[in-house]
Amino acid sequence: MSIKSDKWIRRMAQEHGMIEPFEPGMVREAGGHRVVSYGTSSYGYDIRCADEFRVFTNINSTIVDPKAFDPQSFVEVSGKGHCVIPPNSFALARTVEYFRIPRKVLTVCLGKSTYARCGIIINVTPFEPEWEGYVTLEFSNTTPLPAKIYANEGCAQVLFFESDEICEISYKDRGGKYQGQVGVTLPKI
């Protein structure tokens, strides 16, 4: 298994639609303003979160249960270009980019250091072979203060690993529960 370079990422995105929309270079400025960078990096792709957030709230004093998650535990926020996460809380978002992961590829998604240095952690997650969809991202505010995240700017980096052999059973083969997700997707079992 080997990590893939910017050249490989560009080829797979352009020839096979692996990432849409795709930015072939690294963007650091948009609309005349500095942004948290996104696009193709040396050995990865920096993804953006869309302007569609679900912020966790405990107004209903609900127990957080992955087997019976209460959708009323979230407040929807969109159209502001950013999201403020309360202290010691979290928000869900989705990527701007839609992914189609090839059968011989596994990715790992890691938070960007710009956010980590502010106490905002993005959950590490894999994209399995033949998974496709918009990625649901989880932003944890580990600080005792409100924290701001920005829509349409970089938030995490995806690293691509290609195997020497094809897996026997892909995410698609086993009918993965998050296959083809289109919006912010809550936990499923």
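Could you work out the local net charge near Ile189, counting Lys and Arg as +1, Asp and Glu as -1, over the other residues with Cβ closer than 9 Å to its Cβ? Present the calculation step by step, with values, prior to reporting the outcome.
On the way: positive: Lys67, Lys177, Lys188; negative: none.
Net charge in that neighbourhood comes out at +3.
Calculate the length of the line joining the C-alpha centroid of segment 99-127 to that of segment 54-90, in whole Å.
Here the two parts' Cα centres lie 21 Å apart.
Taking 0.36 nm per residue of separation and subtracting the Cα-Cα distance, what length does fully extending Thr143 through Asp65 add? Could you put the intermediate results ahead of the total?
Details: separation 78, 0.36 × 78 = 28.08 nm, distance 2.30 nm.
Result for the pair: 25.8 nm of gain on full extension.
With springs only between Cα atoms under 10 Å apart, run a GNM on the chain and tell me which of Phe69, Phe161, Phe56 wobbles the most.
Phe69
Provide the net charge surrounding Asn58, with neighbours chosen by a C-beta distance below 15 Å and charges set as Lys +1, Arg +1, Asp -1, Glu -1.
Details: positive: Arg54; negative: Asp65, Asp70.
It works out to a net charge of -1.
Any read-out appearing in this document is the output of simple, stated calculations on the displayed coordinates, not a laboratory observation. What you see is a predicted model, and the numbers here were worked out from it, not measured in a lab. Heads up, the Cβs are rebuilt from the backbone with ideal geometry, glycines too, and the neighbour counts pull from every protein chain shown.
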